[in-house]
Structure formats: C-alpha cells, structure tokens
1. Only Cα pairs within less than 10 Å get springs; with that Gaussian network setup on the chain, which residue of Gly144, Gly183, Gly312 has the largest fluctuation?
2. Please report the net charge: other residues with Cβ closer than 15 Å to the Cβ of Gln248, K and R +1, D and E -1.
3. Residue by residue through the range 267-272, what is 3J(HN,Hα) from phi via Karplus (6.51 cos²θ - 1.76 cosθ + 1.60, θ = phi - 60°)? Round to whole Hz and write x for glycine and proline.
4. Using DSSP to call loops (not H, G, I, E or B), can you name the GluC sites (Glu not before Pro) in the range 216-298 whose Cβ has at most 10 other Cβ atoms within 10 angstrom?
5. Quick one: Karplus J couplings for the range 190-197, per residue in order, coefficients 6.51, -1.76, 1.60, θ = phi - 60°, nearest Hz, x for Gly and Pro?
6. Under the √(5λ) rule applied to the eigenvalues of the Cα gyration tensor, what semi-axes describe the equivalent ellipsoid of the chain? Give them in Å, descending.
7. What's the angle, to the nearest 10 degrees (0 to 90), between helix 316-330's Cα axis and the longest principal axis of the chain?
8. Hey, could you grab the Kirkwood Rh for the range 42-91? Inverse mean 1/r over distinct alpha carbon pairs, Å, one decimal.
Amino acid sequence: MLTKETVAKCLETVIVPAAARTIVGLNLIRDIEIDNGKVTVKLAKTALNEGTQKWIEEKIIEAVQRTEKDVKITVAYIEAIPADLNEIGNVIAIMSGKGGVGKSLVAGLVAISLNRLGKTAGILDADITGPSIPKMFGINGSPGGSESGILPVSSKSGIEMMSINLLLPSEEEAVIWRGPLIGRAITQFWEEVLWGKLDYLIVDLPPGTADAPLTVMQTLPVSGVIVVYTPQDLTTMIVKKAVRMAQQMNKPILGVVENMSYLYVEEIEKKIELFGKSQGEEMAKAANAPLLGQLPIDPNLAKLCDAGAIEGYDSEFIDNVGKAIITAIEK
Ligand SMILES: Nc1ncnc2c1ncn2[C@@H]1O[C@H](COP(=O)(O)OP(=O)(O)O)[C@@H](O)[C@H]1O
Ligand SMILES: [Mg+2]
C-alpha cells in the first residue's frame, strides 16, 4: 500500500534539470493525495518552462512506479510565485566599511564552509556594479526559468547563486546603472528567484556604508550581519560606522572577520603581520560581537579565485567559520 510518506520519498529523487536540484529542495511539491489507490501530486510550476514540466511529470511517474508498478499517478501543476515557495532559514549580509577588503571572498568562503557542514547555502550577489561571485566559482552559465520565476545557478558543490553577471550577455559587460534600477535588480533577486529551501542565504553587499548597502538591508529580511575588515584599517572607525548602520536598521551583528590578517611563510615557519598588528580583539569589542575568523593572505587562494576554483580551497578558516556563525546565530 502506498502512503504519502513513500510517495514523498520517491519524489526526492526527481531533479529539475536546469537547477541541478530536486523538486523537494526547490519546494515545488504543494500536496500529495492518495484516493482509492490513485496518486495525485500537486506541483507548483514556478520557473519551469513547458518542456521541463513534461519532463518532470514523466520522472515523477517513473519514480513512484519504481516503488509500486501499476499505480496511477496524476501530476497537477498549479501557479505560484517564488515568494510562496522560498523557505530561507537565515539571510546573512556580508558588509565592509570600504571596497577591496575581501568581502566577496569571505561571502564565498562562508557559503562553502556552511555547505561543507551539510547546510544548504546560496549566495545573492547584491554588488550589482561590481559582481564577482560567479567568477570565483567558475560559473558562467545563464540561469534557467520561465515567466513565473528564475532558477539560481548551482556551483560544483551545490551552492545556489544569483548575480547580475549571470544575466548579462558577456562577463566583461560593465554595469552602469543608477540607484533605483540597482534597487529593483536586488528586489528581483529576492522576489523572483526560486531559491526553494535553503538553510542560509549569504548576501554579498555593495561596499561601504552608503545608499546601496542600505537599500539592500531594507529590501531583504536580513537576520544578521558579518563585518569584514583588514588590519590596514588603522582605526576602528570604519567598523564602528558599519556597526552603527546595522544598529540603525535593527540588524544584529553576528561577528567580524579579519582578512589579510597575516602572511604565513613556510620556509621560516612564521606568521608575518604584513599590514600591522591584528585588531581582532578591538574590532570584536567595537562590534560587540565575536571575531568569527582570521583569514591570512594566501597566494594560493588568490590563484584559486582567479581560476574559478574557490571550492577547492582548504584551510583552518573554512573549517571553523561556519561553526562560529552557527554558534553566533543560535546565541
Ligand atoms: N586573504 C586573501 N588572500 C589572497 N588574496 C585575497 C585575499 N583577500 C582578498 N584577496 C584578493 O583580493 C581581491 C579583492 O577581493 P574581493 O573579495 O573581491 O574584495 P571586495 O569584495 O571587498 O571588493 C580578489 O582578487 C581576491 O582574490
Ligand atoms: Mg566584492
């Protein structure tokens, strides 16, 4: 006898081809009914074009009939908007006082760390005029979708991403947009992208504490902020500015991350603090939040980023930052 639970289990194997994710992960299943031995699966057709809908229907029938051969299955498609289907546990914004401190890099590493801990993670690249997330992950495909929604693009290790870079005709295309248009693009990344079920969505904010990051913080339901800085930032003023902004917007600071903390020279087995003494303690105090990690200057990391292979990076930072974030959120 088929039960809803067994049918649900079968459906976990059905993948949406353009997204490399299952219909369960994308939260498309709306209902399963079993009546007189006949199965009806109600499925949202959000972001699925007609060809994909047909393909998924066949795969659903195959998957269920693998468990019970002669059962009759109907797939009923219903309309829904991504906002009805998106279930995102935590939206974490990565912020910095200024550009070029490694904000995007930290956003990428945080997502990788959480993903390695078995959490489903996505990255929303909200830096519309300087998008750099897809390049680090070696992604240049364009997203699938339909009139009713856009599908994020999956990285090699299964991190979901959306960036203006994936929608532009060529990667080199410069984005010269004005404020309102940028705001609208970010709103669309939130409202019209089918993220499905995610434990964490990491938002790579535009640099600084001006209008653009503010708009993002107002538009998205950010649950916490991580502030990235380098020891080059001689005073704690920059971090304090970011902290003040987060507080004004009523967003908790989850912690701070120090980038370019030191350079490790293998030959002499020494850490050299190239940009001055670590300010971890002071910055954590200024933010009233923990120091989540210190990332060394690592030529190998820079090489991996340029090659679009950031997911191949291994380090103490990656091992620990995800755990530190989870602890900070649960506190
Ligand atoms: N710790 C690091 N080790 C090596 N290269 C780094 C490090 N942090 C940043 N970089 C490099 O510096 C550049 C700027 O980093 P990025 O994350 O794009 O900065 P932001 O997003 O703050 O503007 C990138 O090319 C990146 O590879
Ligand atoms: Mg950046």
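No value in this document is a laboratory result; all are computed from the given coordinates. The structure presented is a predicted model; accordingly, all values stated were derived computationally and were not measured. For neighbour counting, all protein chains shown are included, and Cβ atoms are generated from backbone atoms with ideal geometry for every residue, glycine included.
1. Checking each option, the largest mean-square fluctuation is seen for Gly312.
2. Details: positive: Lys240, Lys241, Arg244, Lys251; negative: Asp211.
For residues surrounding Gln248, the net value is +3.
3. 4, 10, 6, 9, 8, 10
4. Details: sites: Glu258, Glu266, Glu267, Glu269, Glu273, Glu281, Glu282; in loops: Glu269, Glu273.
Listed in order of number, the matching sites are Glu269.
5. Karplus-based 3J(HN,Hα) across the range 190-197 equals 8, 8, 10, 9, 7, 7, x, 8 Hz.
6. Details: eigenvalues 324, 85, 68 Å².
Over the Cα atoms of the chain, the ellipsoid semi-axes are 40, 21, 18 Å.
7. On a 0 to 90 degree scale, this one is about 70.
8. On the way: mean 1/r = 0.0798 Å⁻¹.
It is 12.5 Å.
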